[in-house]
Structures are given as structure tokens and as C-alpha cells.
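Chemist: Before I ask anything, here is the structure I am working with.
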Amino acid sequence: MQDPLPPSRDEVDRAIRQAAALIRKASHAVVLSGAGISAESGIPIYRGATGIWTRQGEPTIDGWELFNTDPERWWRLAIDHGDTELSLAIARAMPNPAHIGLADLEQLGLIQHVITQNIDNLHQRAGTKHITEIHGNRLKVRCMNCGGRDRLGTISLDRMPPLCPECGGILKTDVVMFGEPIPEDALRESYRQAAIADLFLVIGTSAVVYPAADFPIIAKRRGAPLIEINPFETNLSEVADVIIRANAGEAVPAIVDILRR
Ligand code: APR
């Protein structure tokens with residue numbers, strides 16, 4: 001099938017203006033971001049021609065089961081073989097103009113919450129305060145018993161598996177493993193945001209992983225307009241009200257420029 005022609009400059013500019021107008025009108029705008037928003041920070045996306053899962057194959061679905069069977073072995077493997085392409089890219093990455101632009105929009109009171117599927121902590125480093133990390137955060141650990149989260153650097157790795165400083169429970173990476181249920185607190189907040197949003201921006205996600213891909217649909221079904229920022233078509237394109245076929249690092253700052261006027 002022939003790839004669709006790239007949009008003209010005028011089409012992209014018109015979509016950016018339409019998106020800015022919808023954001024200005026909204027009172028509770030929510031963002032769902034995916035790997036694409038961090039692509040311009042040098043972090044590989046997962047799917048598509050250049051995707052890390054495309055090149056290396058998706059991780060097996062039994063990650064969570066393997067961890068539960070032998071958490072000590074999991075931790076030793078994670079420490080000994082931690083330098084993967086993804087972890088090295090995340091370690092080097094800096095927030096890009098898209099992350100910074102979303103933090104600016106939050107500062108201006110124009111977006112109220114970011115739900116991210118990314119584990120790279122770049123939204124927080126850019127300054128976003130109201131955020132839910134639906135797939136966890138690579139720089140944090142989470143207690144299997146009390147659910148408490150700590151920064152990875154603050155816990156002792158002398159003992160394997162590491163234990164929660166609060167309750168002594170076994171700690172795991174905060175990153176949601178394949179086969180692991182989404183943490184209750186993140187799930188509850190994401191559905192709450194989907195239930196109150198009057199505008200949803202979907203930025204840099206193929207929208208193929210659930211429940212994340214559900215949140216914009218729930219809002220859309222309630223009448224919230226949907227803005228998609230993605231250089232390529234996705235599962236959500238056919239229901240999007242405004243489609244900005246551009247890189248997030250170009251589109252988000254352009255929207256901020258209009259809304260700052
Ligand atoms: N700006 C905006 N979007 C971009 C850019 C860019 N510069 N570059 C790529 N994209 C888009 C791609 O077109 C694609 O639609 O980002 C999307 C990335 O899709 P995926 O690689 O599937 O990443 P994501 O949607 O975040 O995956 C969801 O799958 O494996 C799990 O846990 C993993 O959180 C991840 C989840």
C-alpha cells in the first residue's frame with residue numbers, strides 16, 4: 001500500500017492553529033504521551049521500521065512471572081546486564097522541546113495532566129508536575145508489599161533482592177513488566193483523568209497498548225475533542241478531531257508560541 005503523501009506545510013500550520021484554539025477553550029486538557037515524544041531526545045521508539053521491538057523482538061510476556069519466581073536472580077541479571085540500548089539511551093537523554101513545551105502549557109494553566117507510557121522521567125525533568133506514569137519510571141523502585149516508591153539511587157543494593165525501607169517488602173523496578181498488572185494508583189488516576197478531560201492530546205504513541213490507548217477513547221466518547229500529534233497514522237487517527245502530522249518537537253513548541261501571544 002502506497003504511503004500517504006506527507007501533509008503540506010499549510011496543512012500542518014492549520015492543524016497547529018486548530019489545536020491551539022481547542023487548548024485555549026478547554027478547561028481540563030489531558031495528554032497521553034508515548035515513546036514518540038522522546039524520539040527527538042535520542043530514545044528509540046518500540047514499533048515501526050526503527051522500533052527496538054521490531055529490531056530485537058518484544059520481551060517475553062513472562063517477565064513478571066520470572067521475577068516472582070526468583071526476584072534475587074532477576075535483580076542480579078538486571079544489574080549485570082543493565083546496559084541495554086534502551087537504558088543507555090535513557091541515561092544520555094535530555095528533555096526535548098516537546099517535553100519542555102508541555103511543561104510550559106501546564107505552567108500557563110492550559111493543560112492539567114500528563115499520562116505517560118514512557119519510563120524515561122523526561123516529562124518531570126522538563127518541569128511537568130501533574131503526571132501519571134502508567135508504565136512506571138526506570139529511575140524508581142516499587143515495593144511489592146506496600147506499593148511505596150523510592151528513587152533507585154536511595155536504596156541499598158548490598159542485599160538481594162533489595163527490601164523496602166518502610167515495610168521490609170521485596171522491591172522491584174517501578175517499570176511495569178510484561179505480564180504485570182498496572183499499579184492500582186496509576187490506573188485509578190488515569191481513568192479519573194479520562195472521565196473529567198474536556199480535551200485529549202495524544203502525542204507520539206501508536207495507541208496499540210491497553211489500557212493506555214483506552215483513555216483518549218473514553219474521553220472522546222464523552223464528547224472531548226481529540227488532537228493527535230504524530231508524523232504517522234495510528235489507530236486513533238480516524239477518530240481524531242485534529243491531526244498534526246509532524247514531529248512533537250516541532251508541533252508542541254509551535255502550539256505554545258501561539259498560546260503565549
Ligand atoms: N514525534 C511524535 N511522534 C513520533 C515521533 C516524533 N518525533 N517519532 C515517532 N513517533 C511516533 C510513531 O509514529 C509511533 O506512532 O511515536 C509512536 C511510537 O509508537 P511505539 O513505538 O509503539 O511506542 P508507544 O506507543 O509508546 O508504545 C506503548 O508499548 O511496549 C510497550 O511499554 C511499551 O510504553 C510502551 C507501549
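The values are calculated or read from the model by the stated rules, or taken from the named source; none is laboratory data. Keep in mind it's a predicted model, so treat the numbers as computed, not measured. With ideal geometry, Cβ positions are generated from the backbone for all residues, glycine too; neighbour counts draw on all protein chains shown. Ligands, DNA and RNA are excluded from the accessible area calculation, which covers all protein heavy atoms including side chains. Shrake-Rupley method; radii C 1.70, N 1.55, O 1.52, S 1.80 Å.
Chemist: From the list GLY147, GLY136, pick out the single residue that is open to solvent by less than 40 Å² (accessible area, probe 1.4 Å), part of a loop (DSSP other than H, G, I, E, B), under 25 Å from ALA213 (Cβ atoms) and without any contact (Cβ under 8 Å) to a residue 40 or more places away in the chain.
Modeler: Numbers: GLY136 fails: without any contact (Cβ under 8 Å) to a residue 40 or more places away in the chain.
Residue meeting the stated conditions: GLY147.
Chemist: Then there is this: Could you list, in sequence order, all residues of the range 225-235 that are assigned to a loop (DSSP other than H, G, I, E, B) and buried (at least 22 other Cβ atoms within 10 Å of the Cβ)? It would help to see each step written out before you state the result.
Modeler: Quick first cut of the range 225-235, residues assigned to a loop (DSSP other than H, G, I, E, B) only: 225, 230-235.
Of everything in the range 225-235, just one residue is assigned to a loop (DSSP other than H, G, I, E, B) and buried (at least 22 other Cβ atoms within 10 Å of the Cβ), namely ASN230.
Chemist: Given the conditions (1) under 17 Å from the mean Cα position of the chain (by Cα); (2) within 14 Å of the ligand (Cβ to nearest atom), report the number of the one that THR128 does not fulfil.
Modeler: Only one criterion is unmet by THR128, namely (2).
Chemist: Next question. Can PRO97 be described as within 16 Å of the ligand (Cβ to nearest atom), open to solvent by 50 Å² or more (accessible area, probe 1.4 Å) and on the phi < 0 side of the Ramachandran plot? Full working, then the answer.
Modeler: On the way: within 16 Å of the ligand (Cβ to nearest atom): yes; open to solvent by 50 Å² or more (accessible area, probe 1.4 Å): yes; on the phi < 0 side of the Ramachandran plot: yes.
Answer is yes for this residue.
Chemist: Kindly establish whether HIS135 is away from the ligand (no atom under 16 Å from the Cβ), modelled with pLDDT of 95 or more and either under 30 Å from ILE23 (Cα atoms) or hydrophobic (A, V, I, L, M, F, W, C) (or both).
Modeler: Details: away from the ligand (no atom under 16 Å from the Cβ): no; modelled with pLDDT of 95 or more: yes; either under 30 Å from ILE23 (Cα atoms) or hydrophobic (A, V, I, L, M, F, W, C) (or both): yes.
Here the answer is no, as HIS135 does not meet what is asked.
Chemist: In the range 33-54, how many residues are modelled with pLDDT of 95 or more, more than 9 Å from the ligand (Cβ to nearest atom) and of a type outside the set (Ser, Thr, Tyr)?
Modeler: Number satisfying all stated conditions: 2.
So that you can scan it fast, the table gives a plain yes or no per residue for (1) within 29 Å of ASP257 (Cβ to Cβ); (2) surrounded by 13 or more Cβ atoms within 10 Å (Cβ to Cβ):
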{"site": "ARG9", "(1), (2)": "yes, no"}
{"site": "ILE16", "(1), (2)": "yes, yes"}
{"site": "ILE43", "(1), (2)": "yes, yes"}
{"site": "THR60", "(1), (2)": "no, no"}
